[in-house]
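Chemist: Following this message is one structure expressed as structure tokens.
What follows is calculated from the coordinates using simple rules that are stated; it is not laboratory data. Bear in mind the structure is a predicted one, so any value in this text is a computation, not a measurement. Positions of Cβ are backbone-derived with ideal geometry, glycine not excepted, and every protein chain shown enters the neighbour counts.
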Amino acid sequence: MKRLFTFMLACFLFHGSATAQLANGAIAPDWTLTDLNGTSHNLYNYLDQGYTVFIDFSAVWCGPCWSYHTSGALEDLYENHGPAGFPNVSPNTTDDVMVFFIEGDANSVAQLNGGSGSQGDWVTGTHYPIICTDGTANNDAVTAAYSIAFWPTVYMICPDRTTTEIGQASNPYNGINCSPAATFSDDPKVLSYSAADIQCNGTLAPMVTIMNNGINNLTSLDFQIDVSGATTINTAYNWTGNLNTYQGANVVLPTLTGLQGYEFVMITISNPNSGAIDGDINNNVTGFTSYPAGTSTGIGQLTASISQIGNTLEANSANGDPPFTYTWSTGANTQTISPANGGSYSVTIQDANGCVSNPATHILTLSTDIEEMIKISNLKIYPNPSENVFNISFTSEKAQKYNLSVRNVLGELLYSEILNNFVGEYSKKLSLENYAKTIYFLEIETDKGFLNKKLILQ
């Protein structure tokens, strides 16, 4: 029960932010996976047959996932619109949709069947394919490929391989708005862009995703980049490659310099295959507003934090590009300092782009031996660095209350546990596999003080 509660919290936290999800309009990564019945499925094979594919990425412990699964929305979608002749598909099907459930958090088939740690039986009564990524027939690489940041994530993938996150739609079929199949001989299409945030040195490196929406292979394309606002820039770029129908590519365009922010950047594609007629010019333009460094959530927004490890203070940064330089209130320029006296200390951090953080401040309380002070011994954390799971153990020498927590470099709480009147041996396997590969901090606190240890996830 304790594990279910912890993971329900994680499900809720992930569900609160969609910033890391695969962007709408992005090209869906292909996959070949095996369902619980031993049948192999290839995504692009269904798309090439003209099916719109819906994928429910879920985890067996996730309450919102269970609620959506048991709502029957995807079961109805499959029965009324799934491939003709497939099990439990209506004889009157529209025959234009395929549906998959992917248990993407590497839980077991037993848990899918309602075993320990699961919300219930996910298999019984589900007639569309269920895919388990427990490592037997499939691994969970598909979860990373689709940038799953929270559970559930439901994607709609059109035959042209573009994705849309549809949320927990009650009638997903009504949301289908896919482009028609390729009909023109030559038809390049611009799907999306990235890099709207200017680096602190005033540069911007835009990248666009293009797709060949034509029948012929796309081998060359002209780009025109126009910037208007505080800065006026007009520059051209020629791309060469070889894209099959519906195949996409990320194109990094020339770096723009001298930008101040809030300029409008327009990118236009033309001249496919060195002179062929573009069948549809309505999908050739994209544009975005460039934002000054530090005003958005990308490159340039540099945040400093300070962690205490024993009597040592360590500065850490979120975002920005290395190498970093550090300026402490003591005048030191190292990442760590070990002051001789307690009190308030602050630091600012500058990255390679010239971005400077706001000061971070920490109150240092000195201890001669923090582990002795809080009455613990034999503290072990291994492996550290770890790819996912940390083993944590220690001995409590007296009965007391412990607050155990894990925080990121910004001080945000990721995990907490309270031990009341605890004495003796403590042991725990702590999984951080759903979090970004970076530095985290384990804090062990009693009424006598607290201990802070670094966790390196790699």
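Chemist: Ignoring everything except DSSP H segments at least 4 long, calculate the 222 nm mean residue ellipticity for the chain; use -39,500 (n - 2.57) per segment, divide by total residues, nearest 500.
Modeler: -3000 deg cm²/dmol
Chemist: Output the 0 to 90 degree angle, nearest 10, between the alpha-carbon long axis of helix 2-15 and the longest principal axis computed from the alpha carbons of the chain.
Modeler: 50 degrees
Chemist: Counting only C-alpha contacts under 8 Å and six or more residues apart, can you give the relative contact order of the chain as a whole percent?
Modeler: With pairs under 8 Å counted, the relative contact order is 10 percent.
Chemist: Which lysines does Lys428 reach when only Cα atoms under 21 Å apart count, and residues fewer than 8 places away in its own chain are ignored?
Modeler: Lys2, Lys375, Lys380, Lys398, Lys401, Lys437, Lys453, Lys454
Chemist: Specify whether the C-alpha gyration tensor of region 171-247 places it in the rounded, prolate or oblate class, a ≥ b ≥ c being the square roots of the eigenvalues: rounded for a/c under 1.5, otherwise prolate if a/b is larger than b/c and oblate if not.
Modeler: oblate
Chemist: May I pose another question? For Gly50, what charge total do you get from the other residues with a beta carbon under 13 Å from its beta carbon, if Lys and Arg give +1 and Asp and Glu give -1?
Modeler: -3
Chemist: With a/c under 1.5 counting as rounded, go ahead and sort region 188-289 into rounded, prolate or oblate using the C-alpha gyration tensor (a ≥ b ≥ c being the square roots of the eigenvalues; past the cut-off, prolate if a/b is larger than b/c, else oblate).
Modeler: It comes out prolate by the Cα gyration axes.
Chemist: Which whole-Hz couplings ³J(HN,Hα) result when phi for each residue of region 190-204 is put into the Karplus expression 6.51 cos²θ - 1.76 cosθ + 1.60, θ = phi - 60°, listed in order with x for Gly and Pro?
Modeler: 9, 9, 7, 9, 9, 6, 7, 8, 6, 6, 5, 8, x, 9, 9
Chemist: Further question: When DSSP beta bridges are limited to those with both residues in region 369-458, what percentage is antiparallel, rounded to the nearest 5?
Modeler: Restricted to region 369-458, the bridges split so that about 95 percent are antiparallel.
Chemist: If you don't mind, another one. Using Cα centres only, tell me the gap between region 216-241 and region 370-425 in whole Å.
Modeler: When both Cα centres are located, 54 Å separates them.
Chemist: Continuing with the same structure: Could you tell me which of rounded, prolate or oblate describes region 302-366, using a ≥ b ≥ c as the square roots of the eigenvalues of the alpha-carbon gyration tensor, with rounded for a/c under 1.5 and, failing that, prolate when a/b is larger than b/c and oblate otherwise?
Modeler: prolate
Chemist: Taking amide H positions as placed in the peptide plane 1.01 Å from N, state which residues far from Tyr291 in sequence (5 or more) or on other chains have amide H under 5 Å from it.
Modeler: For Tyr291, the qualifying residues are Asp197, Ile198, Tyr262.
Chemist: When Lys and Arg each count +1 and Asp and Glu each count -1, what net charge do the other residues less than 9 Å away from Ser270, Cβ to Cβ, add up to?
Modeler: Once all neighbours under 9 Å are counted, the net charge is -2.
Chemist: Pick the calculated Cα Rg over 2.2 N^0.38 Å for this structure from (1) 0.89; (2) 1.17; (3) 0.96?
Modeler: (2)
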